[in-house]
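Read-outs throughout are calculated quantities, based only on the coordinates presented, and are distinct from any laboratory measurement. All figures in this text were calculated on a predicted structure; none of them were measured in a lab. We place every Cβ from the backbone using ideal geometry, glycine too, and count neighbours over all the protein chains shown.
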Amino acid sequence: MTPLEVSARRKHLAVVGRAIDENNEPMLYAEYWGYDDRETPEDETDDEHLYFIRWYVLKDSLNTNASSGRILLFNPDLTPVYSWDITALRCLEHGEATDGLRADSTGIKHGVIVPVPVSVMQLGGDFRFLLQVKDDHMAFDKAHRLRAALELNSRPMPQAYYIWVSGTCPDYASQNNIAWSYIRETLYYARIHGAVMTITNGAHAGVQLGTWTVSYRGLSESQVQSQRQWARQNGWAEVRTMVLAQAIAGIGFARVEASVARIQDKRRNTPPSDPAIAAINENWFQQHDWDAEQDKWGRTNALLHELTHLLNDRNKNHCKARRPTCVWNSDFDASTWTRPLRNTVRIRGVDYHMPWHDLAEINEMRLSLGWPPLSP
């Protein structure tokens, strides 16, 4: 949709227009921002998806704020299912102030966070947000009316994930060390979108993950831009990013830099400029009498375990399944991770062999990315 035109029959009008991005392209989508359990993790009935309406511009020829405004949500059948008063929404452009109706003659940019109850987004397909505002020019209208500006709509933009392999551990890009085809296959069956890329070539750094020291090579600016371009081309929001690094000191098997705090604080979820770092500790493998094939599957399942953490933003922490074995089990026998994990999970009437133990595990990840749940 192009920026909105002003009617020539009126002298004054509030105008809603699209903001543009760094490439001078109009921003057409609402970006998925995370999942809010409302601090009641035991009760999912009050949970909400958070969407970032990014961005819109309010322009008024008389430097007058809009008198009112609302955002409506339409389901894939184009039926309105929910609405919000803009004055109650936090604007990220202005320090989370509730000033989404502020306007002037040059245009003021806004970006508001919209909390959508989970219950209204169960239907698969494209949802639409519609922005409506009315001017405050009653004194200038012959009939003393508040007139509406032309409406602006946007489509929710779900997230994907993206894995890079740090340049400090290039051997992990090899199929001999990580079973990448197994990772791609299981995430493909779960309809979780993303990519596995090699190798990072940014600046080298030593990173502390708790008690761990991690050798890490970050993303270069060109790699950050290439990931963002990849997301735009596929119609996805800026993706959650993980860099697989190697621990050079520490106790334990694998660890991912905590991303839950950022997500719970409603900030952006591990973008390429600030990725989560998943580390595999080579010292741990020396404690076991494993051959190369067993080592490979141990590393692969460790990476999937940490990736499951990254793709959950509801403060969930491990499943409790013992049998069948689940890659996200918090209490596991190390020897079980030395082979592919093949639990039977039914998705849309088809049985798949998955490393997670049931469909609920998969839907937790999908919901946190803004994708609708899958049915059995």
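A compact table of results
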| quantity | calculated |
| --- | --- |
| Under-5 Å amide H pairs with residue 278, H placed in peptide plane, nonlocal only | 243, 244, 245, 257 |
| Proximal aspartates and glutamates to residue 320, defined as alpha-carbon separation beneath 17 angstrom and excluding residues fewer than eight positions away on the same chain | 42, 306, 331, 333, 358, 361, 364 |
| Neighbour cut-off at most 10 other Cβ (10 Å), DSSP loop, trypsin sites (Lys or Arg not before Pro), the stretch 330-376 | 348 |
